[in-house]
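Asks: Input: one structure, supplied below.
Computed from the coordinates by the stated procedures, all read-outs in this text should not be read as laboratory data. Quick caveat: nothing in here was measured; it's all calculated off a predicted structure. As a convention, Cβ positions derive from the backbone with ideal geometry for all residues, glycine included, and neighbour counts pool all protein chains shown.
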Amino acid sequence: MHEISVLKKAVDLAEQTAIDNGVARIAYITLEVGELTGYLPVFFYKYFPVVTENKPIFEKAELKIIVDAGEALCKDCEAMYNVMRNQGVCPNCGSRRKDILGGQDFLLKEIGAVADEK
């Protein structure tokens with residue numbers, strides 16, 4: 001289960017970025033998780049409260065996740081398809097030869113700051 005370690009790194013990066021930019025509290029962070037990374041978003045949601053527990057800057061913060069589809073282009077017939085839904089096989093010609101176009105990234109996409117509370 002690698003989700004905890006990458007989630008911790010994303011939270012630490014968001015915290016340092018917020019501090020560097022004078023943000024007192026983070027409202028949310030958005031992660032972009034590729035389907036082909038092997039990371040399961042359910043575990044990010046489960047462990048987000050644990051990873052942010054002793055970080056006051058994350059008080060009441062929300063975790064948002066965008067799942068990036070694992071898309072491929074068949075090298076034989078040039079059809080574009082979802083790798084996961086088709087188990088790595090081109091639904092058009094049955095080939096396994098492909099170029100991966102997306103779904104392999106894990107990104108801290110957005111950090112939402114809480115507006116000044118006065």
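Asks: Counting only pairs 8 or more residues apart or on different chains, how many lysine pairs in the range 52-118 have their Cα atoms under 24 Å apart?
Replies: Values: Lys55/Lys64; Lys55/Lys109; Lys55/Lys118; Lys60/Lys109; Lys60/Lys118; Lys64/Lys109; Lys75/Lys98.
Number of lysine pairs found: 7.
Asks: Report ³J(HN,Hα) in whole Hz for each residue of the range 20-36, in order, from the Karplus equation J = 6.51 cos²θ - 1.76 cosθ + 1.60 where θ = phi - 60°; Gly and Pro get x.
Replies: With the stated coefficients, the range 20-36 comes to 4, 9, x, 8, 7, 8, 8, 7, 6, 10, 10, 9, 9, 10, x, 4, 8 Hz.
Asks: Which one, Gln87, His2, Leu40, projects farthest toward the positive side of the charge dipole computed for the chain from Cβ point charges (K/R +1, D/E -1)?
Replies: So the residue we want is Gln87.
Asks: Continuing with the same structure: Charges only on Cβ, +1 for Lys and Arg, -1 for Asp and Glu: so what's the dipole of the chain about the Cα centre, in debye to the nearest 20?
Replies: Values: 14 positive and 18 negative charges, 65 e Å.
Computed about the Cα centre, the dipole is about 320 debye.
Asks: Compute the length gained on full extension between Glu59 and Ala27: take 0.36 nm times their separation in residues and subtract their Cα-Cα distance, giving the result in nm to one decimal. All intermediate terms of the calculation are to be shown ahead of the outcome.
Replies: On the way: separation 32, 0.36 × 32 = 11.52 nm, distance 0.80 nm.
In short, 10.7 nm is gained.
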